[in-house]
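Asks: Dropping the structure in here first, questions after.
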């Protein structure tokens, strides 16, 4: 996986999410918790992430602090679990912040749970969405602690 492609995706997603027009919903998420949002396709999981990002920006965070990756982007559709670390490396080469991480449709990467667990262990704030049957398994509930 080309790290420059990942950098382009990070920048494009920051811009895209910043421009999303939302109908605000009353969503309450704990500030220092990690979340795995699962459910059927087209149910609004990604929009929950967008709203959380907009809320963070309204609280004073910059879009540069947001690391949002949509794993349905065709440019990274073939990323392997062994390459997921490149996402953080690419982000660190561009920004000096400790990112708040949003991983959308992560179920497209087999073995993603190990990466997510490492992020949680390293004290990153992590928000994940997914929509397949594997995401509903009991093990997912313990992935982020």
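The values are calculated or read from the model by the stated rules, or taken from the named source; none is laboratory data. A quick note: this is a predicted structure, and the numbers were derived from the prediction, not measured. FYI the Cβ positions are ideal-geometry reconstructions off the backbone, even for glycines, and counts take in every protein chain you see.
Asks: Can you confirm whether residue 54 is loosely packed, with under 13 Cβ neighbours inside 10 Å, within 15 Å of the chain's Cα centre (by Cα) and modelled with pLDDT under 95?
Replies: no
Asks: Enumerate the pairs (first residue in segment 89-101 and in contact (Cβ under 8 Å) with a residue 40 or more places away in the chain and on the phi < 0 side of the Ramachandran plot; second residue anywhere and surrounded by 17 or more Cβ atoms within 10 Å (Cβ to Cβ) and outside any helix (DSSP H, G or I)) with beta-carbon separation below 6 Å, excluding pairs fewer than 6 apart on the same chain, so at least 6 apart or on different chains.
Replies: Going by the 6 Å Cβ cut-off, the qualifying pairs are 91/67; 91/99; 100/66; 100/125.
Asks: Also, I was wondering about something else. Assess whether residue 144 counts as being assigned to a loop (DSSP other than H, G, I, E, B), crowded, with 18+ Cβ neighbours inside 10 Å and at pLDDT below 95.
Replies: So residue 144 passes the test.
Asks: I'd like to verify a number: residues in segment 39-70 that are closer than 16 Å to residue 11 by Cβ and in contact with a strand residue (DSSP E or B) (Cβ under 7 Å, 6 or more places away or on another chain), how many?
Replies: Result for segment 39-70: 7.
Asks: Please tell me if residue 36 is surrounded by 14 or more Cβ atoms within 10 Å (Cβ to Cβ) and closer than 12 Å to residue 128 by Cα.
Replies: yes
Asks: Out of everything in segment 121-139 that is farther than 20 Å from residue 51 by Cβ and modelled with pLDDT under 90, what residue ends up being surrounded by the fewest Cβ atoms within 10 Å (Cβ to Cβ)?
Replies: My answer is 138.
Asks: Tell me whether segment 69-81 contains one or more residues that are in a helix (DSSP H, G or I) and under 16 Å from the mean Cα position of the chain (by Cα).
Replies: yes
Asks: If you don't mind, there's one more thing I want to ask. Read through the list (1) part of a helix (DSSP H, G or I); (2) surrounded by fewer than 17 Cβ atoms within 10 Å (Cβ to Cβ); (3) under 15 Å from the mean Cα position of the chain (by Cα), then give the number of the only condition that residue 13 fails.
Replies: (2)
Asks: Something else about it: Is it true that some residue in segment 20-36 is touching a strand residue (DSSP E or B) at 6+ places or on another chain (Cβ under 8 Å) and part of a helix (DSSP H, G or I)?
Replies: no
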